Amino acid sequence: MQINRFLSDESGRLYFSTDVKGAAGPVPPSFDGMTPEELLKKLEEDRLAGERAESYVMGFEKKRLGGRNADRIEQVSLLTISAGFDIASFENSYSPCFDRFIEVKAIGRRGFHISSGEIERAVSYRSKYYIYLVELEKTDMADYKPVIVRDPARFFKDNDEWRIVPDGFHITKI
């Protein structure tokens, strides 16, 4: 399986495809980036946006379920950052155990980032894994609903409305 030719899943392993041309060529030095202070400010703004988006989705999920499972939803992101999702929820009020795993993304014009751990969870949980895309400036609107992407590993594959851009590599010594 390939996701827009950038990420592939082969025998459970994710890797960058070799057909990405120019992705790792020489890069001239640039001095027009942000300062360390600007980076810290941006990271804090992103953290606060993520908290707001998760809080919104917790309320959204409780309202969606409305039944006995509404009080059992877990905001996993408060317990660990390595689960690969933010919220453990339920498909319906009668689900006996968690069966909806939600990654929350506060989005804007720049799109969103997804980690390798989130991708691995999406691939392994398939239709039980969701990404909720939350536009924070709309959450006060009574009829607002986030964009809900079920099985994002499949959804984004060859989807012409979305573009996946690799923006980093994790390198380890063998």
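crowded, with 17+ Cβ neighbours inside 10 Å, assigned to a helix (DSSP H, G or I) and at pLDDT 95 or above: is that true of Tyr130 in this structure? In short, no. Of the residues making up segment 29-69, those that are of a type in the set (A, V, I, L, M) and either surrounded by 17 or more Cβ atoms within 10 Å (Cβ to Cβ) or in contact (Cβ under 8 Å) with a residue 24 or more places away in the chain (or both) number 5.
Over 18 Å from Ser55 (Cβ atoms) and part of a helix (DSSP H, G or I), is that true of Ser82? The answer is no for Ser82.
Taking residues in segment 162-174 that are under 17 Å from Ile119 (Cα atoms), and partners anywhere that are open to solvent by 100 Å² or more (accessible area, probe 1.4 Å) and at pLDDT 80 or above, the pairs with Cβ atoms closer than 9 Å and at least 6 places apart or on different chains are Asp167/His113. Checking the stated criteria, Val104 turns out not to satisfy the condition of being touching a residue at least 40 places away in the same chain (Cβ under 8 Å) and farther than 28 Å from Lys42 by Cβ.
Residues in segment 137-159 that are among the hydrophobic types (A, V, I, L, M, F, W, C) and over 15 Å from the mean Cα position of the chain (by Cα): 2 in all. Scanning segment 94-104 for residues that are open to solvent by 20 Å² or more (accessible area, probe 1.4 Å) and assigned to a loop (DSSP other than H, G, I, E, B) yields Tyr94, Pro96, Cys97, Phe98, Asp99. Quick one: in segment 121-136, of everything that is within 13 Å of the chain's Cα centre (by Cα) and hydrophobic (A, V, I, L, M, F, W, C), which residue is nearest to Phe90 (Cα to Cα)? Among them, the one singled out is Ile131.
Within segment 139-174, the set of residues being aliphatic (A, V, I, L, M) and touching a Phe, Trp or Tyr at 6+ places or on another chain (Cβ under 9 Å) comprises Val147, Ile148, Val149, Ala153, Ile164, Val165.
The values are calculated or read from the model by the stated rules, or taken from the named source; none is laboratory data. Every value quoted in this text rests on a predicted model; they were computed, and no experiment measured them. All Cβ positions, glycine included, derive from the backbone under ideal geometry; neighbour counts span all protein chains shown. Heads up: the accessible areas ignore ligands, DNA and RNA and are worked out on the full protein's heavy atoms, side chains in. Shrake-Rupley method; radii C 1.70, N 1.55, O 1.52, S 1.80 Å.
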